[in-house]
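Worksheet: one structure, shown below.
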Amino acid sequence: MTGADIGTALLVALGGTLVIVALASLPAGSRLRRLYGVDDRDDAGARANAVVLGGTGAFLLALAAAIAFEVPERLVAAGAFGVAAVGTTALGWLVRYRDRRELLTTPDVSRERARRLGGAAMWTGTLLCLPLAGILLGATESEIAGAALGAAAVAGVLIALAYR
């Protein structure tokens, strides 16, 4: 079994698990709702969390399929960074400007903290455009990896500051 096969299997396992957890959290009284802090009576919050988890799982399954069908690496990388950038920015916008705090994995977060976290998520989405630009402009793999690691480090600091 090659490294790509192992990676694809891990993506399928994680993506499938996220989809299953999302679906299992939908029924009222689900133990999974309580695990991530959604009230048993809050169907809207459970659906919102299920959409985020299910969407992330579907993204990972699509990524695994692209790898399995040997789609060119640069196209897979550009698609992955593009979808992640747009999705993260959209999620941050919903939390910050539409007060969709139920999309956060933190239960009962204050409005002010949610606004900060939404802003940090929007910045994270923007930072993901750096390695995407590197891919589209033909940068080397090490330059793309450096941009991705730098974006991850800055995003981690932004989220930590927003969470305080």
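The values are calculated or read from the model by the stated rules, or taken from the named source; none is laboratory data. Given the structure is predicted, the values throughout are model-derived calculations rather than measurements. Counting neighbours? That spans all protein chains shown, and the Cβs are built from the backbone with ideal geometry, glycine included. For accessibility, only protein heavy atoms count, side chains too; no ligands or nucleic acids. Shrake-Rupley method; radii C 1.70, N 1.55, O 1.52, S 1.80 Å.
Taken together, the residues in the stretch 46-79 that are surrounded by 17 or more Cβ atoms within 10 Å (Cβ to Cβ) and aromatic (Phe, Trp, Tyr) amount to 1. Of all residues in the stretch 21-45, count the ones that are open to solvent by 50 Å² or more (accessible area, probe 1.4 Å), free of Cβ contacts under 8 Å to residues at least 12 places away in the same chain and among the hydrophobic types (A, V, I, L, M, F, W, C). Matching residues across the stretch 21-45 total 1. Once the stretch 1-36 is narrowed to residues that are farther than 16 Å from Ala48 by Cβ and not in a helix (DSSP H, G or I), the residue that is modelled with the lowest pLDDT is Met1.
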